[in-house]
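All remarks here apply to the structure that follows.
The values are calculated or read from the model by the stated rules, or taken from the named source; none is laboratory data. All values reported here derive from a predicted model rather than from experimental measurement. A quick note on method: Cβ atoms are made from the backbone with ideal geometry, for glycine too, and the neighbour counts reach across all protein chains shown. Side chains included, ligands, DNA and RNA excluded: accessible areas come from the protein's heavy atoms. Shrake-Rupley method; radii C 1.70, N 1.55, O 1.52, S 1.80 Å.
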Amino acid sequence: MSAMQSLIRAMQESGWRAAVVPLARRAEAIRVIVDRHERGEFDEAFYQEYLAPMLAEPLPEKPTPRSLILVATPSYSVRMHFALEGTTFPVLTAPGYLRGPKPRPLEVIQEALEPFGLSAARIDGPQKTMATLSGFARYGRNNISYVEGLGSFIALGTFVSDLECDDVPAQSQEALARCASCHACREACPTGAIGDDRFLLHAERCITFWNEKTPDIPFPDWIRPEWHNALFGCMHCQRVCPENRAYLDLVLEGPSFDEATTRQLLEGAKKDDLPPDLVTMLGEWRLTDLLEYLPRNLGALARRAALRQGTQDSNEGKAR
(Lines give C-alpha, C1' and ligand atoms only; values in the text may rest on other atoms or scores of the structure.)
Protein backbone atom coordinates (compact mmCIF):
# COMPACT_ATOMS: atom_id res chain seq x y z
CA MET A 1 0.00 0.00 0.00
CA SER A 2 1.37 3.40 -0.96
CA ALA A 3 1.50 6.42 1.33
CA MET A 4 -1.37 7.99 -0.64
CA GLN A 5 -3.52 4.87 -0.31
CA SER A 6 -2.75 4.60 3.41
CA LEU A 7 -3.75 8.22 3.94
CA ILE A 8 -7.04 8.03 2.02
CA ARG A 9 -7.95 4.77 3.73
CA ALA A 10 -7.34 6.26 7.16
CA MET A 11 -9.54 9.23 6.28
CA GLN A 12 -12.35 6.99 5.04
CA GLU A 13 -12.19 4.78 8.14
CA SER A 14 -12.63 7.92 10.25
CA GLY A 15 -15.72 8.89 8.27
CA TRP A 16 -13.99 11.89 6.71
CA ARG A 17 -13.45 13.10 3.14
CA ALA A 18 -9.94 13.88 1.94
CA ALA A 19 -8.01 14.80 -1.19
CA VAL A 20 -4.33 15.35 -1.91
CA VAL A 21 -3.78 18.25 -4.31
CA PRO A 22 -0.77 20.15 -5.69
CA LEU A 23 0.82 22.78 -3.50
CA ALA A 24 0.10 25.27 -6.29
CA ARG A 25 -3.57 25.35 -5.23
CA ARG A 26 -2.64 27.60 -2.33
CA ALA A 27 -0.97 30.27 -4.48
CA GLU A 28 -3.82 30.03 -6.99
CA ALA A 29 -6.41 30.52 -4.25
CA ILE A 30 -4.57 33.57 -2.95
CA ARG A 31 -4.47 34.99 -6.47
CA VAL A 32 -8.24 34.54 -6.86
CA ILE A 33 -8.90 36.51 -3.68
CA VAL A 34 -6.36 39.23 -4.48
CA ASP A 35 -7.88 39.68 -7.95
CA ARG A 36 -11.34 40.07 -6.46
CA HIS A 37 -10.01 42.63 -4.02
CA GLU A 38 -8.40 44.59 -6.83
CA ARG A 39 -11.74 44.60 -8.67
CA GLY A 40 -13.36 46.12 -5.60
CA GLU A 41 -15.58 43.12 -4.84
CA PHE A 42 -14.80 43.05 -1.11
CA ASP A 43 -15.72 45.52 1.57
CA GLU A 44 -12.32 47.07 2.39
CA ALA A 45 -12.65 46.78 6.17
CA PHE A 46 -13.63 43.11 5.85
CA TYR A 47 -10.72 42.41 3.52
CA GLN A 48 -8.11 44.07 5.74
CA GLU A 49 -9.39 42.49 8.94
CA TYR A 50 -10.21 39.00 7.76
CA LEU A 51 -8.65 38.14 4.41
CA ALA A 52 -5.34 40.04 4.22
CA PRO A 53 -3.81 38.45 7.37
CA MET A 54 -4.90 35.01 6.15
CA LEU A 55 -3.16 35.48 2.79
CA ALA A 56 0.05 36.65 4.44
CA GLU A 57 0.55 33.56 6.61
CA PRO A 58 3.78 31.78 5.60
CA LEU A 59 4.08 28.07 4.98
CA PRO A 60 5.96 26.08 7.65
CA GLU A 61 9.53 25.13 6.80
CA LYS A 62 8.93 21.50 7.76
CA PRO A 63 7.78 19.26 6.31
CA THR A 64 9.13 20.25 2.90
CA PRO A 65 6.00 21.62 1.15
CA ARG A 66 5.13 19.37 -1.78
CA SER A 67 1.35 18.92 -1.57
CA LEU A 68 -1.77 19.93 0.27
CA ILE A 69 -4.05 17.52 2.07
CA LEU A 70 -7.64 18.75 2.18
CA VAL A 71 -9.87 17.19 4.82
CA ALA A 72 -13.58 17.65 5.50
CA THR A 73 -14.83 16.26 8.80
CA PRO A 74 -18.51 16.11 9.77
CA SER A 75 -19.16 19.01 12.12
CA TYR A 76 -22.70 19.39 13.34
CA SER A 77 -24.34 22.05 15.43
CA VAL A 78 -23.58 21.86 19.14
CA ARG A 79 -26.33 22.57 21.65
CA MET A 80 -25.27 23.87 25.06
CA HIS A 81 -27.36 25.05 27.99
CA PHE A 82 -26.79 28.12 30.11
CA ALA A 83 -28.67 29.38 33.17
CA LEU A 84 -29.63 32.89 34.27
CA GLU A 85 -32.23 34.24 36.68
CA GLY A 86 -33.33 30.71 37.49
CA THR A 87 -34.07 29.91 33.86
CA THR A 88 -32.09 27.56 31.62
CA PHE A 89 -31.91 28.37 27.92
CA PRO A 90 -30.39 26.41 25.01
CA VAL A 91 -27.70 27.89 22.80
CA LEU A 92 -26.60 26.52 19.43
CA THR A 93 -23.23 26.92 17.77
CA ALA A 94 -23.01 26.59 13.99
CA PRO A 95 -20.97 23.73 12.47
CA GLY A 96 -17.22 24.16 12.26
CA TYR A 97 -16.52 25.86 15.58
CA LEU A 98 -16.77 23.30 18.38
CA ARG A 99 -15.60 19.72 18.33
CA GLY A 100 -16.16 17.09 20.96
CA PRO A 101 -13.47 14.70 22.20
CA LYS A 102 -12.25 12.62 19.24
CA PRO A 103 -9.11 12.11 17.14
CA ARG A 104 -8.02 15.19 15.23
CA PRO A 105 -7.25 14.97 11.49
CA LEU A 106 -3.58 15.84 11.93
CA GLU A 107 -3.12 12.94 14.35
CA VAL A 108 -4.65 10.49 11.86
CA ILE A 109 -2.63 11.95 8.96
CA GLN A 110 0.63 11.69 10.88
CA GLU A 111 -0.10 8.09 11.85
CA ALA A 112 -0.81 7.17 8.22
CA LEU A 113 2.29 8.91 6.80
CA GLU A 114 4.86 8.12 9.47
CA PRO A 115 5.63 4.55 8.25
CA PHE A 116 6.63 6.09 4.91
CA GLY A 117 8.94 8.67 6.47
CA LEU A 118 6.53 11.46 5.62
CA SER A 119 4.78 14.07 7.72
CA ALA A 120 2.32 16.94 7.61
CA ALA A 121 1.57 20.24 9.35
CA ARG A 122 -1.63 22.21 9.60
CA ILE A 123 -1.89 25.48 7.72
CA ASP A 124 -4.57 28.13 7.48
CA GLY A 125 -5.16 30.37 4.51
CA PRO A 126 -8.11 30.52 2.10
CA GLN A 127 -9.36 26.99 2.75
CA LYS A 128 -12.72 27.31 1.00
CA THR A 129 -11.08 28.72 -2.12
CA MET A 130 -8.43 25.99 -2.15
CA ALA A 131 -11.13 23.34 -1.74
CA THR A 132 -13.35 24.69 -4.52
CA LEU A 133 -10.45 25.18 -6.95
CA SER A 134 -9.60 21.53 -6.35
CA GLY A 135 -13.13 20.30 -6.99
CA PHE A 136 -13.15 18.98 -3.43
CA ALA A 137 -15.99 21.32 -2.41
CA ARG A 138 -18.57 23.53 -4.07
CA TYR A 139 -20.00 26.85 -3.03
CA GLY A 140 -23.60 27.37 -2.09
CA ARG A 141 -25.39 30.63 -2.82
CA ASN A 142 -24.65 31.48 0.83
CA ASN A 143 -20.91 31.20 -0.03
CA ILE A 144 -20.52 28.36 2.46
CA SER A 145 -18.63 25.34 1.14
CA TYR A 146 -20.41 22.03 0.62
CA VAL A 147 -18.80 18.60 0.36
CA GLU A 148 -20.68 15.70 -1.18
CA GLY A 149 -22.26 13.47 1.44
CA LEU A 150 -21.80 16.00 4.25
CA GLY A 151 -23.60 19.14 3.13
CA SER A 152 -22.28 22.34 4.69
CA PHE A 153 -22.09 20.76 8.14
CA ILE A 154 -18.35 20.37 7.90
CA ALA A 155 -15.06 21.60 9.26
CA LEU A 156 -12.42 22.08 6.58
CA GLY A 157 -8.80 21.44 7.41
CA THR A 158 -5.76 22.00 5.20
CA PHE A 159 -2.37 20.42 5.78
CA VAL A 160 0.92 20.84 3.96
CA SER A 161 2.89 17.66 3.40
CA ASP A 162 6.03 16.26 1.83
CA LEU A 163 3.87 13.64 0.11
CA GLU A 164 4.27 13.80 -3.67
CA CYS A 165 1.16 14.11 -5.84
CA ASP A 166 0.28 14.53 -9.49
CA ASP A 167 0.28 18.07 -10.90
CA VAL A 168 -3.44 18.29 -11.62
CA PRO A 169 -4.60 21.68 -12.95
CA ALA A 170 -7.04 23.78 -10.97
CA GLN A 171 -10.75 23.48 -11.71
CA SER A 172 -13.23 26.28 -12.17
CA GLN A 173 -15.04 27.16 -8.95
CA GLU A 174 -18.49 25.69 -9.32
CA ALA A 175 -21.65 26.36 -7.38
CA LEU A 176 -24.12 23.68 -6.40
CA ALA A 177 -26.42 22.94 -9.33
CA ARG A 178 -29.48 23.46 -7.11
CA CYS A 179 -28.44 27.08 -6.44
CA ALA A 180 -29.38 28.10 -9.99
CA SER A 181 -33.08 27.88 -9.13
CA CYS A 182 -33.11 27.98 -5.32
CA HIS A 183 -33.17 31.20 -3.30
CA ALA A 184 -34.08 29.77 0.11
CA CYS A 185 -30.93 31.03 1.85
CA ARG A 186 -31.26 34.54 0.41
CA GLU A 187 -34.86 34.77 1.58
CA ALA A 188 -33.95 33.48 5.05
CA CYS A 189 -30.99 35.81 5.62
CA PRO A 190 -32.28 38.69 7.77
CA THR A 191 -29.34 41.02 7.12
CA GLY A 192 -29.29 41.01 3.32
CA ALA A 193 -25.81 39.48 3.23
CA ILE A 194 -26.93 37.12 0.47
CA GLY A 195 -27.89 39.62 -2.18
CA ASP A 196 -29.65 39.26 -5.50
CA ASP A 197 -27.11 41.54 -7.19
CA ARG A 198 -24.23 39.01 -7.23
CA PHE A 199 -23.26 35.50 -6.13
CA LEU A 200 -20.43 36.73 -3.87
CA LEU A 201 -21.59 37.21 -0.30
CA HIS A 202 -21.73 40.71 1.19
CA ALA A 203 -19.62 39.39 4.05
CA GLU A 204 -19.65 42.66 5.98
CA ARG A 205 -23.41 42.13 6.44
CA CYS A 206 -23.12 38.54 7.67
CA ILE A 207 -23.89 37.82 11.33
CA THR A 208 -20.98 35.37 11.39
CA PHE A 209 -18.56 38.19 10.59
CA TRP A 210 -19.90 40.19 13.52
CA ASN A 211 -19.94 37.44 16.11
CA GLU A 212 -16.28 36.65 15.57
CA LYS A 213 -15.25 39.95 17.13
CA THR A 214 -13.92 40.65 20.60
CA PRO A 215 -16.11 42.13 23.39
CA ASP A 216 -14.79 45.65 22.87
CA ILE A 217 -16.50 45.85 19.46
CA PRO A 218 -20.29 46.14 19.82
CA PHE A 219 -22.76 44.63 17.41
CA PRO A 220 -23.93 47.28 14.94
CA ASP A 221 -27.35 48.79 15.63
CA TRP A 222 -28.81 47.35 12.43
CA ILE A 223 -28.49 43.78 13.76
CA ARG A 224 -31.78 43.27 15.56
CA PRO A 225 -31.76 41.28 18.84
CA GLU A 226 -34.01 38.53 17.47
CA TRP A 227 -31.62 37.84 14.59
CA HIS A 228 -28.99 36.34 16.90
CA ASN A 229 -29.29 32.57 16.70
CA ALA A 230 -25.90 30.97 17.39
CA LEU A 231 -23.08 31.48 19.84
CA PHE A 232 -20.66 31.34 16.92
CA GLY A 233 -21.53 31.44 13.24
CA CYS A 234 -25.08 31.69 11.95
CA MET A 235 -27.69 29.07 11.12
CA HIS A 236 -30.31 31.11 9.22
CA CYS A 237 -29.12 30.11 5.75
CA GLN A 238 -27.97 26.58 6.62
CA ARG A 239 -31.26 25.56 8.23
CA VAL A 240 -33.30 26.25 5.10
CA CYS A 241 -30.82 24.85 2.56
CA PRO A 242 -32.24 21.76 0.80
CA GLU A 243 -28.72 20.30 0.63
CA ASN A 244 -28.70 20.08 4.44
CA ARG A 245 -32.05 18.36 5.01
CA ALA A 246 -30.42 15.04 5.92
CA TYR A 247 -28.22 16.65 8.58
CA LEU A 248 -30.50 19.10 10.40
CA ASP A 249 -31.33 16.70 13.22
CA LEU A 250 -27.70 15.74 13.79
CA VAL A 251 -27.08 18.05 16.72
CA LEU A 252 -24.40 17.24 19.27
CA GLU A 253 -25.34 17.69 22.89
CA GLY A 254 -22.64 19.84 24.43
CA PRO A 255 -21.98 20.90 28.02
CA SER A 256 -24.42 22.56 30.40
CA PHE A 257 -23.43 25.44 32.66
CA ASP A 258 -24.97 26.39 35.97
CA GLU A 259 -25.83 30.00 36.74
CA ALA A 260 -22.59 30.74 38.58
CA THR A 261 -20.49 29.55 35.64
CA THR A 262 -22.73 31.33 33.12
CA ARG A 263 -22.19 34.59 34.98
CA GLN A 264 -18.43 34.01 35.09
CA LEU A 265 -18.36 33.54 31.32
CA LEU A 266 -20.51 36.63 30.76
CA GLU A 267 -18.09 38.64 32.89
CA GLY A 268 -15.17 37.59 30.68
CA ALA A 269 -13.51 34.93 32.84
CA LYS A 270 -10.11 33.78 31.62
CA LYS A 271 -8.77 30.24 31.82
CA ASP A 272 -6.86 31.05 35.01
CA ASP A 273 -10.10 32.19 36.66
CA LEU A 274 -11.88 28.88 36.12
CA PRO A 275 -11.62 25.53 37.95
CA PRO A 276 -9.17 23.06 36.30
CA ASP A 277 -11.89 20.48 35.54
CA LEU A 278 -13.97 23.13 33.80
CA VAL A 279 -10.96 24.27 31.75
CA THR A 280 -10.34 20.65 30.71
CA MET A 281 -13.95 20.25 29.58
CA LEU A 282 -13.90 23.55 27.69
CA GLY A 283 -10.69 22.46 25.99
CA GLU A 284 -12.24 19.18 24.86
CA TRP A 285 -14.90 21.15 23.02
CA ARG A 286 -12.39 23.78 21.80
CA LEU A 287 -14.19 26.44 23.81
CA THR A 288 -11.00 27.63 25.50
CA ASP A 289 -9.89 29.03 22.13
CA LEU A 290 -13.07 31.10 21.99
CA LEU A 291 -13.34 32.35 25.57
CA GLU A 292 -12.67 35.98 24.71
CA TYR A 293 -15.64 36.04 22.31
CA LEU A 294 -18.08 34.45 24.77
CA PRO A 295 -19.16 37.48 26.86
CA ARG A 296 -20.40 39.50 23.90
CA ASN A 297 -22.06 36.68 21.96
CA LEU A 298 -23.53 34.89 24.97
CA GLY A 299 -24.87 38.19 26.24
CA ALA A 300 -26.69 38.79 22.95
CA LEU A 301 -28.27 35.32 23.11
CA ALA A 302 -29.20 35.75 26.78
CA ARG A 303 -31.00 38.99 25.91
CA ARG A 304 -32.76 37.23 23.03
CA ALA A 305 -33.83 34.41 25.36
CA ALA A 306 -35.14 36.93 27.90
CA LEU A 307 -37.00 38.79 25.14
CA ARG A 308 -38.64 35.57 23.94
CA GLN A 309 -39.52 34.54 27.49
CA GLY A 310 -41.10 37.93 28.09
CA THR A 311 -43.15 37.61 24.91
CA GLN A 312 -44.25 34.12 25.89
CA ASP A 313 -45.25 35.22 29.40
CA SER A 314 -47.21 38.12 27.91
CA ASN A 315 -49.05 35.82 25.49
CA GLU A 316 -49.88 33.38 28.27
CA GLY A 317 -51.17 36.24 30.40
CA LYS A 318 -53.45 37.40 27.57
CA ALA A 319 -54.70 33.83 27.07
CA ARG A 320 -55.72 33.63 30.73
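Structural remarks
- Rounded FRET efficiency, nearest 0.05, which uses the C-beta distance separating Leu23 from Ile217 and R0 of 30 Å: 0.25
- Peptide packing for 274-281, 130-137, 10-17 was compared via the average number of neighbouring C-beta atoms within 10 Å per residue; ordered from the highest value, the list is 130-137, 10-17, 274-281.
- Relative to the compact-globule estimate of 2.2 N^0.38 Å, the Cα radius of gyration of region 31-83 comes out at 1.73.
- Cα-Cα P(r), the chain, percent of pairs per 10 Å interval: 5, 23, 32, 26, 11, 2, 1, 0
- Accessible surface, the chain, averaged per residue in Å² (probe 1.4 Å): 50 Å²
- Projecting label points 7 angstrom from Cα along Cα→Cβ for Ala188 and Glu226 puts them 1.8 nm apart.
- For the chain, the share of DSSP beta bridges that are antiparallel, to the nearest 5, is 90%.
- Region 37-139: translational diffusion in µm²/s, Stokes-Einstein, Kirkwood Rh over Cα pairs, 25 °C, 0.890 mPa s: 141 µm²/s
- For GluC sites (Glu not before Pro), the sites in region 19-122 that DSSP calls loop and that have at most 15 other Cβ atoms within 10 Å are Glu41, Glu61, Glu85.
- Nitroxide proxy distance, nm - points 7 Å out along Cα→Cβ at Arg286 and Ser14: 1.2 nm
- Note on region 199-320: percent of Cα-Cα distances in each 5 Å bin, starting at 0 and stopping at the bin with the largest distance, equals 2, 9, 15, 19, 18, 17, 12, 6, 2, 1.
- Accessible-area composition of region 1-93, carbon plus sulfur, in percent [1.4 Å probe]: 51 percent
- Cross-link partners of Lys270 among aspartates and glutamates, defined as those whose alpha carbon lies under 13 angstrom from its own and excluding same-chain residues fewer than eight positions apart: Asp289, Glu292.
- Residues in region 263-305 that a label on Glu85 would reach, taking backbone N under 11 Å of a point 7 Å out along Cα→Cβ: 302-305
- Stretched out straight at 0.36 nm per residue, the stretch from Glu41 to Gln171 would grow longer than its current Cα-Cα span by 44.7 nm.
- Whole-percent carbon and sulfur share, accessible surface of region 154-301, 1.4 Å: 50 percent
- Taking the chain as a whole, the Cys residues whose C-beta sits 4.7 Å or farther from every other Cys C-beta are Cys165, Cys179, Cys182, Cys189, Cys206, Cys234, Cys241.
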